[in-house]
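Participant: The structure under discussion is supplied below as structure tokens; questions concerning it will follow.
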Amino acid sequence: MAAVLMATWEALSSTMVSGLVSGGPVSLLYGFILAFLGAVSTAASLGELTSMYPTAGGQYHFIAKLAPDHWQYPLSWFTGWVANFGWISFTASAPFLAATMIQGLIILNDAQYNFERWHGNLLYWAFVLFASAINLWGTRLMTLVEHVSLVIHVVAFVVIIVVMWVYVPARHSASFVFTHFANNSGWSSSGLSWCLGMLSSCYVLAGYDGAIHLCEEMQTPETSVPWCMLGSLAINGLLGFVFLLTILFCMGDMQAALNTETGYPIIEIFYSITGNKAAATAMTCVLILMAVLATIPLMASTSRMLWCLARDKAFPFSRYLSKIGEKRQVPDYSVLTVTVLLLLLGLINIGSTTAFNAIISLAVFGLHLSYLLPIALILWRRLSTPKLLTYGPWKLGGCGVILNILSLVYLSFTCIFMLFPPYYPVTAANMNYASLIFGAVAIFSLIYWVWRGRKVYEGPVMENHIH
């Protein structure tokens with residue numbers, strides 16, 4: 001489930017436009033390597049925390065266990081809201097990708113099609129409702145969906161890679177792949193442009209904590225979840241890197257790919273390689289199918305995160321959201337609430353031409369900030385009160401400090417640059433509205449904390465809180 005949820009090589013096919021615009025091959029290739037190292041360090045750090053405290057709340061539960069007494073409740077409250085906010089945005093990205101890619105295929109095959117953003121919204125809403133229906137009434141199909149998705153994830157990768165290498169008319173040189181830099185973002189600073197281009201890789205290598213939020217539905221989560229996160233990163237990291245190298249060697253004219261009317265360079269790349277619209281359409285349909293299937297486990301993890309927040313009275317209408325349906329043993333109200341929030345989030349697409357960038361920025365920023373806070377606390381505890389830490393069966397040992405520091409450097413870097421506008425000059429249409437939306441959520445969280453949260457929120461169960 002974690003491997004399919006991340007779907008790195010498929011997701012990279014959609015987000016690669018950010019890297020190609022802001023840095024070109026150099027940004028994509030080396031950004032992916034750095035993002036992978038940062039993600040592994042972070043997953044290992046979170047895995048150790050999960051082994052210590054295996055609860056579905058994940059990050060905000062870790063905060064409640066490790067924070068000083070006077071910061072325990074407000075910090076865990078804030079982290080819970082940030083993590084849930086990040087997961088909702090992360091879940092929105094998959095159906096948004098599928099919907100707008102369908103529009104891209106229509107443009108490829110029908111020159112008379114008049115692109116309208118609201119068309120994409122209708123498709124997006126349909127995919128969200130489909131995933132919601134599976135989570136509510138198709139729980140018996142979940143295992144089948146996950147297995148089928150994994151088979152498609154691997155088999156389609158092999159097929160597409162073979163087709164690209166066999167049919168490509170001409171390949172780029174190693175010099176182009178490993179040294180070519182191109183700044184088409186409008187920003188005068190090449191360094192800033194490269195950092196913005198790294199967003200492509202940060203997004204496709206996030207979401208491994210989805211396993212944490214399902215740990216109360218697993219056997220031996222103390223050891224299973226850490227290996228699950230690292231295993232999904234290993235599989236997706238390898239597939240993603242091979243796919244990225246293949247794209248860079250076989251992509252043809254980079255400017256033609258960037259200027260494609262379909263909106264997705266990958267569609268133009270598939271077309272330029274095969275020279276056949278039907279073949280390009282079939283290859284792109286695999287990416288769309290995986291995005292639709294990935295929405296199902298994404299919604300499952302997000303709804304469990306919301307359910308856990310509600311169980312601890314950290315969200316409005318907690319009394320209802322914390323209920324588990326007796327018949328299907330599913331948090332029905334949480335699934336429905338996540339569905340409504342996703343439908344509302346899709347409205348960004350109507351007002352912004354860079355809506356996908358905003359949603360990706362929201363997802364990466366929210367998730368990475370929720371990773372950063374507990375890892376900062378475990379590092380502080382390692383250095384200040386190591387004897388008070390009680391480790392689980394899966395621990396980092398002597399590598400813990402180094403991995404924690406590497407993770408914090410990476411997460412701090414991404415949290416800064418994820419909120420930058422992708423293009424310059426900045427206009428109302430291409431503005432990155434991630435900071436505005438996050439600010440609104442943070443303000444609402446603060447108001448709700450002052451009004452009600454501080455009176456009812458007592459944090460998660462604290463059997464072994466460190467004082």
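Participant: At a threshold of 8 angstrom on Cα-Cα distance, excluding pairs fewer than six apart, so keeping six or more, what relative contact order does the chain reach in percent?
Facilitator: Result for the chain is 34 percent.
Participant: Pairing the Cα long axis of helix 277-311 with the longest principal axis of the chain, what angle in degrees results, from 0 to 90 and rounded to the nearest 10?
Facilitator: Taking the Cα atoms of the chain, the angle to 277-311 is about 10 degrees.
Participant: Need the C-alpha centroid separation for segment 169-186 versus segment 1-39, integer Å.
Facilitator: Using only Cα atoms, the two centres lie 16 Å from each other.
Participant: Just to make sure I understand: if all protein chains stay in place, what is the order of LEU150, LEU46, LEU239 by accessible area at 1.4 Å, largest first?
Facilitator: Correct descending sequence by accessible area is LEU150, LEU239, LEU46.
Participant: Determine how large the accessible area of SER175 is when every protein chain is in place; take a 1.4 Å probe and give Å² rounded to the nearest 10.
Facilitator: Approximately 70 Å² of SER175 is accessible to the 1.4 Å probe.
Participant: Nearest 10 degrees, 0 to 90: what angle lies between the long axis of helix 25-52 and the longest principal axis of the chain (Cα atoms)?
Facilitator: 20 degrees
Participant: Additional query: Straight distance only, please: which aspartates and glutamates reach the Cα of LYS65 with their own Cα at less than 19 Å, same-chain residues fewer than 8 apart left out?
Facilitator: Leaving aside aspartates and glutamates fewer than 8 places away in the same chain, those within reach of LYS65 are GLU48, ASP209, GLU216, GLU222, ASP312, GLU458, GLU463.
Participant: Helix-derived [θ] at 222 nm for the chain: sum -39500 (n - 2.57) over DSSP H runs of at least 4, divide by residue count, nearest 500?
Facilitator: For the chain, the value works out to -23500 deg cm²/dmol.
Participant: For a protection proxy built on the mean count of beta-carbon atoms within 10 angstrom, sort 250-261, 223-234, 437-448, 383-394 highest first, please.
Facilitator: 223-234, 250-261, 437-448, 383-394
Participant: How large is the accessible surface per residue of the chain, computed with a 1.4 Å probe and reported in Å² as a whole number?
Facilitator: Heavy-atom SASA per residue in the chain reads 39 Å².
Participant: Hey, another quick one. Express in Å², to the nearest 10, the accessible area of VAL426 obtained by rolling a 1.4 Å probe over the protein heavy atoms while all chains stay in place.
Facilitator: About 60 Å², ignoring ligands and nucleic acids.
Participant: Nearest 0.05, what FRET efficiency do LEU37 and GLN112 give at R0 = 35 Å with Cβ-Cβ as r?
Facilitator: My answer for the efficiency is 0.15.
Participant: For a test of the definition: using alpha carbon positions, the gyration tensor, and the 1.5 limit on a/c, classify segment 357-455 as rounded, prolate or oblate.
Facilitator: oblate
Participant: So what's the angle, to the nearest 10 degrees on a 0 to 90 scale, between helix 221-250 and the longest Cα principal axis of the chain?
Facilitator: Taking the Cα atoms of the chain, the angle to 221-250 is about 20 degrees.
Participant: Considering the dipole of the chain built from charges on the beta carbon (Lys and Arg +1, Asp and Glu -1) around the Cα centre, which of SER76, ALA35, TYR124 is farthest to its positive end?
Facilitator: SER76
Participant: With volume of the Cα convex hull per residue in Å³ defined as stated, name the option among (1) 261; (2) 138; (3) 154 computed from the structure displayed.
Facilitator: Matching the structure shown: (2).
Participant: What is the gain in length, in nm to one decimal, between VAL166 and LYS395 on full extension, counting 0.36 nm per residue of separation less the C-alpha to C-alpha distance?
Facilitator: 77.9 nm
Participant: Students sometimes get this wrong: rank ARG452, ARG319, ARG171 by accessible area, probe 1.4 Å, all chains present, largest first.
Facilitator: ARG319, ARG171, ARG452
Participant: Report, to the nearest whole %, how much of the accessible area of the chain belongs to carbon and sulfur atoms, 1.4 Å probe, protein only.
Facilitator: Carbon and sulfur: 69 percent of the exposed surface of the chain.
Participant: Note down the nm distance, to one decimal, between modelled labels 7 Å out along Cα→Cβ at ALA126 and at ARG140.
Facilitator: 2.7 nm
Participant: Got a number for the accessible area of TRP449? Probe 1.4 Å, square angstrom, nearest 10.
Facilitator: So the heavy atoms of TRP449 present about 50 Å² to solvent.
Participant: Would you mind computing, in nm to one decimal, how far apart the modelled labels at LEU344 and VAL242 are, each placed 7 Å from Cα along Cα→Cβ?
Facilitator: Each label point lies 7 Å from its Cα, and together they span 4.3 nm.
The values are calculated or read from the model by the stated rules, or taken from the named source; none is laboratory data. Values in this document were obtained by computation on a predicted structure and should not be read as measured data. Cβ: placed from backbone, ideal geometry, glycine included. Neighbour counts: every protein chain shown. The protein model used for the area step is the full one, side chains on, heavy atoms only, and it has no ligands, DNA or RNA in it. Shrake-Rupley method; radii C 1.70, N 1.55, O 1.52, S 1.80 Å.
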